[in-house]
Amino acid sequence: MDIPASCGEWAYAPPRWLRSGHVNTIASFFWRRRAELPPPRNERLPVAPGVELLLRCHWQAAPAPALLLLHGLEGDSDVGYMRTMAAKAWRRGWHAIRMNVRGCGDSEPGCETLYNSGLSGDLARAVEWAVAQAQVTGLALCGFSMGGNTVLKYLGEQGAGAPAALRAGAVVSACLDLAASADALHRPACRIYEARFLRRLRDRVRRLDAWHPDGLPLHRLRGIRSIRDFDDVVIAPRFGYRDAADYYHRASAARVLERIARPTLVLHAEDDPFIVVTADSRRAMAANPRIEFVATRYGGHCAFLQPNTQGEDSFWAENRVMDFCARILLPMP
C-alpha cells in the first residue's frame, strides 16, 4: 500500500498576524468553530480493571470508512479540534469516533488510574473494536499532540501486523520526541502553557485521590515546577517507569518510526511553541516511504488557522488530514 504521490496542497500561508506560533496557538482556543454533528452513541470499552475507554461514535446510516480520533494532554473528546475533525469526516459520509483517553472527559469519575503518552495498548483495544463493527469498511487514525504520539507509537509497534482494515494514520503537532518537547515546554517563553497543564494535572490527581485513594503523592504536588517534574514524581512510579527519562524513552513514538507500515501523514509546524521533532526523528521519517512528513514554517500547536478566503474553512490541518485519509481509503477509480 503506497502513499499517494500528492496529498493536496501543502503550502500553508496564513495572514501576517498569524505568523507567530504563540498567536496561532492561542487564537485557536477562541476561534469560532462550527462542528455540526448528530448526537453521539457512547461506547465503553474495558481495557484494565477499573478502566474503561469512552468512545463518542457518530454512525452513518450505511457502511462507510471510519475516522478514529485521539486528543492531546488534558483534552477530551469535546475539545475544538476533535469536534471540527469529526464534523469534517461526518460531512464526507464517514463514521466519526472521538476517543477519550482513559479517565478523560465524562469517563473520569469511574476511572481508577491516570493516563500517559505511551498507552498504545488502549488504542489497540479501540482499533480492535472499531474494525469489528459491520458498518466500518475501513479505518483511519488521527491523533493530536499527545494523541499523535500514541497513534504513531501504536502504528510502529504494530508494523506490518496492523489489522488489514486499518488503512492510514495522520497526526497533527505530535509530541513524538517526549523528552525534547517536555524540555521545550519549560522554556520561559512557554511557561504559560506549562502552568496551564500543571494546574489541570494537579487538579486531576487530587480528584482521582478523592475518588480512588491509593497513595498518590499529594504532598509532593506543590514542589512540582515542570512537566518533567510531574512525570518524574507522578507518572513514572505510577506506570512502572524508572523515572521521567525512562518514561520519555519508552513511551516516545520516535523509537518505532521506522517500523510504521501504513500510509501516515505527520503534520508539524516549525514555529510550534513546544513540540520539538529531533534530527534523528526527521531522518527516521525521511527513510520510511510510508510516512509523509510535512513541516510548515507557520502553524503553531494544533492550530494552523487561515481565513475563510482560500476556498475552504479556517482549519487547514484538519482539511489536509481529511484529504490524506480520503486518498488512501477512497482512491479515485
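Every number here is computed from the coordinates shown, using simple stated rules; none is lab data. Just so it is clear, the structure is predicted and the values come from calculations on it, not from any experiment. Cβ placement follows ideal geometry from the backbone for every residue including glycine, while neighbour counts extend to all protein chains displayed.
The table for this structure:
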| quantity | calculated |
| --- | --- |
| Rounded D (µm²/s) - the stretch 75-162, Kirkwood Rh over Cα pairs, Stokes-Einstein at 25 °C, 0.890 mPa s | 176 µm²/s |
| Per-bin percent of Cα-Cα distances, the chain [20 Å] | 33, 61, 6, 0 |
| Linear extension gain, ASP209 paired with LEU37, 0.36 nm per residue minus alpha-carbon span | 58.4 nm |
| Residue order, fewest to most beta carbons within 10 Å, for CYS111, CYS190 | CYS190, CYS111 |
| GNM flexibility winner over the chain from LEU201, LEU69, LEU176 (Cα, springs under 10 Å) | LEU201 |
| Magnitude of the charge dipole, the chain, Cβ model with Lys/Arg +1 and Asp/Glu -1, debye to 20 | 440 debye |
| Listed residues ALA287, ALA96, ALA140, most fluctuating in the chain (Gaussian network, C-alpha, under 10 Å) | ALA287 |
| Mean projected area (nm²) of the alpha-carbon convex hull when the stretch 179-251 is viewed from all directions | 4.8 nm² |
| Length gained when the stretch ALA261-ARG199 is fully extended (0.36 nm per residue, less Cα-Cα span) | 18.5 nm |
| C-alpha center-to-center spacing [the stretch 68-92, the stretch 220-296] in angstrom | 21 Å |
| Ranking of VAL151, VAL136 by count of other Cβ atoms within 10 Å, fewest first | VAL136, VAL151 |
| Cβ-based exposure ranking for CYS104, CYS142, in which fewest neighbours within 10 Å come first | CYS104, CYS142 |
| Per-pair calculated FRET efficiency, R0 = 45 Å: LEU218 and ALA13 via Cβ, rounded to 0.05 | 0.40 |
| Charged-residue dipole, Cβ positions (Lys, Arg, Asp, Glu), the stretch 179-251 about Cα centre, Debye nearest 20 | 340 debye |
| Highest-MSF residue in the chain out of ALA195, ALA164, ALA174 [GNM, Cα springs under 10 Å] | ALA164 |
